Amino acid sequence: MPALPSCGTHFTTPLVPVQLSPTRPLVWAKLEYLNPSGSAKDRIARFILEKAWREGHVGPGSLVVEASSGSTSIAMALVCAQLGMRFIAVMPAGVSNERVLIIKAYGGEIRVTPKEEGILGAIAETERLARQEGAFLPSQFSNPDNVLAHQVSTAREILHQIPSVDAVVSGVGTGGTLMGLYQGFRLAGCPVLPVFARPVNLTGPPEAECCSFSARIPGVADRVSTIFDERALPGLRTLEINDTQALAVSRELIGAGFPVGPSSGLNFEAAEQIARELGSAARVVTVFPDRMERYFTTELFAPYR
Ligand code: PMP
């Protein structure tokens with residue numbers, strides 16, 4: 001097995017206290033948009049592909065294929081570029097063009113599946129490519145290493161940055177972030193409350209990006225997906241967050257100097273609600289998963305056009 005190329009991209013993202021005004025609660029936010037590809041998905045891309053390399057499942061020139069509406073494919077494309085592997089992203093039609101261009105720039109290929117088949121159609125296509133071309137499938141929706149990546153990297157970093165955590169709040173796409181953080185904190189002995197920030201739509205039926213996800217907050221689900229295992233999150237609280245409010249909070253965060261995407265507003269709104277409830281002594285941690293630059297053509301930036 002050739003040595004794993006060292007790409008110098010293992011680093012810690014900042015965990016910062018965010019209080020948007022003196023009358024609002026303080027929340028600890030992990031700035032995952034500062035990862036090299038611009039999202040928390042760098043964690044799982046690096047963890048899964050480096051493990052596959054060490055175990056001899058992939059090496060120079062291998063083909064990696066992933067079904068994702070964006071962030072995971074972008075992160076996989078970046079890590080494949082660094083490790084000298086081929087990458088194909090399979091996506092349901094309708095994903096924003098910024099994402100497609102980024103993947104192509106990293107040398108990745110795009111395969112588009114019919115919109116009406118949603119993410120399940122994309123997953124079926126990756127399985128066909130694995131059979132036909134012997135591609136390696138990171139399979140973020142079913143791979144337990146998605147959860148483990150956050151447990152051993154994101155959660156550990158947070159516990160180097162603050163001594164304990166009382167509540168962890170996140171939206172759920174695959175559920176890897178919320179489950180991994182929760183398990184990492186529990187293993188370190190923190191009796192932490194897990195909180196699922198669920199986007200709900202109160203203003204009519206907008207155009208959905210992908211059938212299994214919420215309509216206006218890309219990357220997060222409005223219902224629990226199959227991999228997300230509630231039994232692994234005892235005492236789970238679910239907070240329903242109006243998606244219009246989530247977008248407004250994302251714009252507020254951007255205005256305060258945090259260049260975030262829509263799911264960060266969702267997470268922050270839910271985290272503020274929990275922080276109010278638990279009181280100022282409680283440490284409430286959330287994640288800002290990705291960057292605003294991916295959303296210039298979306299509703300997030302409509303007020304500035
Ligand atoms: N925010 C964004 C922008 C995402 O793309 C995703 C995942 N697709 C999430 C949050 C949720 O992360 P997870 O898959 O770990 O639940």
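If you check ILE44, ILE103, ILE74, ILE48 for being crowded, with 17+ Cβ neighbours inside 10 Å, of a type in the set (A, V, I, L, M) and within 30 Å of GLN273 (Cα to Cα), only one passes: ILE44. A single entry from ALA81, ALA45, ALA93 fulfils the requirement of being among the hydrophobic types (A, V, I, L, M, F, W, C), within 14 Å of the ligand (Cβ to nearest atom) and either outside the structural domain of SER170 (by TED's automatic domain parsing) or under 27 Å from PRO114 (Cβ atoms) (or both): ALA45.
Restricting LEU31, LEU20, LEU63 to residues that are touching a residue at least 12 places away in the same chain (Cβ under 8 Å), on the phi < 0 side of the Ramachandran plot, surrounded by fewer than 19 Cβ atoms within 10 Å (Cβ to Cβ) and not assigned by TED's automatic domain parsing to the domain that holds VAL90 narrows the list to LEU20. For segment 233-288, a residue qualifies if it is among the polar types (S, T, N, Q) and assigned to a helix (DSSP H, G or I), and the qualifying residues are THR244, GLN245, SER250, SER263, SER264, ASN267, GLN273. Of all the listed residues (ILE110, ILE123, ILE103, ILE119), the sole one being touching a Cys at 6+ places or on another chain (Cβ under 6 Å), outside the structural domain of GLN273 (by TED's automatic domain parsing) and closer than 23 Å to LEU78 by Cβ is ILE119.
Can you tell me which residues in segment 124-178 are hydrophobic (A, V, I, L, M, F, W, C), touching a Leu at 6+ places or on another chain (Cβ under 7 Å) and surrounded by fewer than 17 Cβ atoms within 10 Å (Cβ to Cβ)? Result: ALA130, ILE162. Of all the residues in segment 174-191, those that are within 7 Å of the ligand (Cβ to nearest atom) and in contact with a helix residue (DSSP H, G or I) (Cβ under 8 Å, 6 or more places away or on another chain) number 4.
May I ask you to verify whether LEU247 is surrounded by 19 or more Cβ atoms within 10 Å (Cβ to Cβ) and in contact with a Pro (Cβ under 7 Å, 6 or more places away or on another chain)?
On the way: surrounded by 19 or more Cβ atoms within 10 Å (Cβ to Cβ): yes; in contact with a Pro (Cβ under 7 Å, 6 or more places away or on another chain): yes.
Yes, satisfied.
Looking only at residues in segment 271-305 that are within 16 Å of the ligand (Cβ to nearest atom) and of a type in the set (Asp, Glu), the one that is nearest to VAL100 (Cα to Cα) is GLU293. Would you say ALA93 is surrounded by 17 or more Cβ atoms within 10 Å (Cβ to Cβ) and over 14 Å from the mean Cα position of the chain (by Cα)? The answer is no for ALA93.
The values are calculated or read from the model by the stated rules, or taken from the named source; none is laboratory data. Everything numeric in this text was worked out from a predicted model, so none of it was measured. Neighbour counts run over all protein chains shown; Cβ positions are idealised from the backbone, glycine included.
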